[in-house]
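Trainee: One structure coming up, written as C-alpha cells, with questions to follow.
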C-alpha cells in the first residue's frame with residue numbers, strides 16, 4: 001500500500017497544553033494570511049478537513065485530510081441537494097395529549 005505524501009496545513013499550529021485543565025486539549029493558532037491562502041487552495045465544495053496528528057517526536061502538526069470515499073459511479077444526494085417535496089415540506093400534524101410521553 002503506497003502512502004500519499006502529507007500535505008501540512010500552512011498557517012495552522014496546534015500546541016498541547018500539559019498544564020491546562022483536563023477539559024482543555026490544546027490551542028489551535030492560525031496565521032491568517034497563510035491559513036486563508038491554504039484554505040482557498042484546498043477547499044472542495046466550500047469545505048476543508050484538517051487532522052491534528054502527533055509525530056513520532058511527540059510534536060503535534062496539522063495536516064490536510066485528503067480522504068475521498070470511493071464512488072461506485074452513482075451520484076449521491078446530500079441534504080443540500082434535495083429539493084423540498086410534498087413529503088419533506090409538509091407541516092407536522094399536532095399530537096393529541098394522550099400520545100405525549102410522560103417525561
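Trainee: Once fully extended, how much extra length lies between residue 63 and residue 16, figured as 0.36 nm per residue of separation less the alpha-carbon to alpha-carbon distance?
Mentor: Length gained between residue 63 and residue 16: 15.3 nm.
Trainee: Any idea how far apart residue 34 and residue 52 come out in nm if each label point goes 7 Å out from Cα toward Cβ?
Mentor: Result for the modelled spin labels: 1.7 nm.
Trainee: Give me the distance in nm between label points sitting 7 Å out from Cα along the Cα-to-Cβ direction at residue 43 and residue 8, one decimal.
Mentor: About 2.5 nm separates the two model spin labels.
Trainee: Specify whether the C-alpha gyration tensor of region 1-67 places it in the rounded, prolate or oblate class, a ≥ b ≥ c being the square roots of the eigenvalues: rounded for a/c under 1.5, otherwise prolate if a/b is larger than b/c and oblate if not.
Mentor: It is oblate, given that a/c is not under 1.5 and a/b is not larger than b/c.
Read-outs throughout are calculated quantities, based only on the coordinates presented, and are distinct from any laboratory measurement. Predicted model, so just to flag it, every value in this text is computed and none were measured. Cβ: placed from backbone, ideal geometry, glycine included. Neighbour counts: every protein chain shown.
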